[in-house]
Structures are given as structure tokens and as C-alpha cells.
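Quick notes on the structure that follows.
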Amino acid sequence: MELHQLRYMAAVARCGSVAKASEELYVSKQAISKAIRSLEQEAGFELFDRGEHMRPTDAGRDILVHAERVLGEVDEIDRCMQARKAGAGPQETLAIAFKSFPLDYLFFHDGHEAVALINEFAARTPGCSVSTFKMSDTAVFNALEEGAIDLGFVHGAYKRPGIKLLPLGPVETRVITLHENPFCAKAPVRIADLEGVPIRSPFDFDLYTNSFIAACHERGFNPIFREVPLNDRAIDAFCAGGGVHLQPYDPLMEAAYPQSAFMPFHPSDRIELPLCLAYSEALAGPLALKLVSFIRNGLRR
């Protein structure tokens, strides 16, 4: 049994196929298939059910639990060795971009597991610091392609050549306004309820916004977007006049903004897109790739 066999096994279980694991690991499909077959021969039983998707067998799941622990420890040893090598050497700063509020808000409050893992990685990796930026999804992709940032958080599973995405879990978007706004009686909100309602215009017509506009069109209307300055006083005045805005939601926001109502969409009208960590296949440096691996392994704990 070799470490690379366990790493390949974990990647196939995570990705659901040898082809996707091959893309993630930058290893040929033949090498991954051969390693897993060899491991199965050594074990004496099959580790995967091979159908449309490769899923671990019951025995495979048992092995996978131990394999992930071993791989986590190996990654920890590697970080320890790198820290020793770094010694008192110069710091390396990771440039990470977030879409502006609320994703940057969650960063500074450890409100998302991936954000907490970034802070944990920086604290445990001598010589590593993190610099954060606010960008739209489009700007994140452009900055990644130019090498201006190392990693970026985007809202949705975009398809962009040369960019890899690590899904971190769904993000719920809610309709937000002041409690005094009569629209609050509509909760849970259906998309059709927003016909004729002023909506604060987003700064980036991203994947969510385009999906929302398409859903409005399916219901026979065009959403009404209004430009509103990005400050609390202007937004509250807009909402007091009957307006609303659509934002990714986290329970932390309710305590921070008690004057606001955070109305969920009706289950049949929800558009839930994943929060994803994006990085460039060609330009991401060793430290950035170690952070991606740390987050991926941490989310499976």
C-alpha cells in the first residue's frame, strides 16, 4: 500500500469519477485506475461500485475514513516541514478576494467554515499572511487570470477555462428590507411577489442575478432595479420607501442589522448556488495550493 494510492482513492470518492479526479490531481486516468485496481487486489475486495458514478462500497467507505486521516496527517507533516524551512525567512502573503458584503463580513467574523479554515491555516503556517480584497465575481476571475490574486470566493459554479472551483456548500439568498416595509407580509417570498417592487441594483450581474432575472422572465415580468449608494443610511431609506435588496444570507447578519427583515424565498422559488473557492490552474503558487488542499480536507472533517 502506497500513499499515492490512498490519495487517488480519496480523490475519486470525492469527485465521483476517475476522469474528474484526474483533472484535480493532474495525473493520468490510467495511472489512477491502475493504482486503485492494485489497491483492491491487495485488499482482496472492491473499493468502488463502478456505475455511472464511482461510489465507495461499504468496505471502501471504511477504508476511506482511515485513508483521509492518514492523508490529513501527511499534509500536517508537510506543513510542519515547510514551517521549519521557512524559519525566520520573509513572509509570503496570500491575496484572497471576496465579493463585497456579506461574504467579506463573514470573513472578518469567521462566519463561514472555509473562512475559519483560512485563518487557521495562516495561524499554523509560519511566514504566511493573508491580504483580502473586495471584488465582483467577474473581477475575481479577471484578477486570477492576470495573477493579481491567489484565490477568490465566487457565488456560483461558473465555467471558466483555466479556473478550478472548489464548492464549499450552498448559499441561501434572501429578500431583505426594513421590518416597517409592508412587503414583509409576503414572507416566504415568491418571485412573482417581486413584480413591480423596486430592487436595489447589484454591482455585478453575476450568475445569481442572471438566474433571478431569467426566473422573473419565466413569470412574465421584468424586475425593476434601482441604483442605491452602498451605505446603510441610503439603503435603509430605499427600503423604507418600499424597496428591497437580495443578498446571500447568514444568521450572523440578523444580530448585526436588527432593523432589517431577512425574508426567505418560498422553497419552490429558491435559487441556491454554491459558494466556491476559485483559483488558476496555471498561476496558483505552492502555498495557495496547500491552502486549497487544507480547506478541502477541513471541510470533510
Q.
Which numbered condition in (1) within 23 Å of Asp250 (Cα to Cα); (2) without any contact (Cβ under 8 Å) to a residue 60 or more places away in the chain; (3) in contact with a Phe, Trp or Tyr (Cβ under 7 Å, 6 or more places away or on another chain) is the only one that Arg174 fails?
A. (2)
Q.
I need a count of the residues in segment 118-173 that are modelled with pLDDT of 90 or more and of a type in the set (D, E, K, R).
A. 6
Q: Note down all Cβ pairs under 8 Å where the first residue falls in segment 255-274 and is charged (D, E, K, R), the second is open to solvent by 70 Å² or more (accessible area, probe 1.4 Å), and they're at least six residues apart or on different chains.
A: Asp269/Arg190; Glu272/Pro170
Q) When Leu25 is evaluated against the numbered criteria (1) in contact (Cβ under 8 Å) with a residue 24 or more places away in the chain; (2) open to solvent by less than 60 Å² (accessible area, probe 1.4 Å), which criterion, by number, is the only one it fails? A) (1)
**Q.** Wholly within segment 1-65, helices (runs of 4 or more DSSP H) carrying at least 1 residues that are at pLDDT below 90 and in contact with a Cys (Cβ under 9 Å, 6 or more places away or on another chain)
**A.** 18-25
Q: May I ask you to verify whether Ala97 is modelled with pLDDT of 85 or more and closer than 30 Å to Ser129 by Cα?
A: yes
Q) Just for strands (runs of 3 or more DSSP E) wholly inside segment 106-172: which have at least 3 residues that are buried (at least 20 other Cβ atoms within 10 Å of the Cβ) and not aromatic (Phe, Trp, Tyr)? A) 151-155
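Would you check if Val175 is buried (at least 16 other Cβ atoms within 10 Å of the Cβ), under 28 Å from the mean Cα position of the chain (by Cα) and farther than 30 Å from Arg296 by Cα? So that I can check it myself, show each step before the final result.
Working: buried (at least 16 other Cβ atoms within 10 Å of the Cβ): yes; under 28 Å from the mean Cα position of the chain (by Cα): yes; farther than 30 Å from Arg296 by Cα: yes.
Taking the combined requirement at face value, the residue satisfies it.
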Q: Could you tell me whether any residue of segment 280-289 is open to solvent by less than 20 Å² (accessible area, probe 1.4 Å), in a strand (DSSP E or B) and closer than 30 Å to Leu71 by Cβ?
A: yes
Q: Go through segment 1-22 and give me each residue that's surrounded by 15 or more Cβ atoms within 10 Å (Cβ to Cβ), within 17 Å of Ala67 (Cα to Cα), over 21 Å from the mean Cα position of the chain (by Cα) and not aromatic (Phe, Trp, Tyr).
A: Gln5, Leu6, Arg7, Met9
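The values are calculated or read from the model by the stated rules, or taken from the named source; none is laboratory data. Keep in mind the model is a prediction, meaning the values are calculated, not measured. Cβ atoms come from the backbone with ideal geometry, glycine included; neighbour counts cover every protein chain shown. When the accessible area is computed, the model is the full protein with side chains, heavy atoms only, and any ligands, DNA or RNA have been set aside. Shrake-Rupley method; radii C 1.70, N 1.55, O 1.52, S 1.80 Å.
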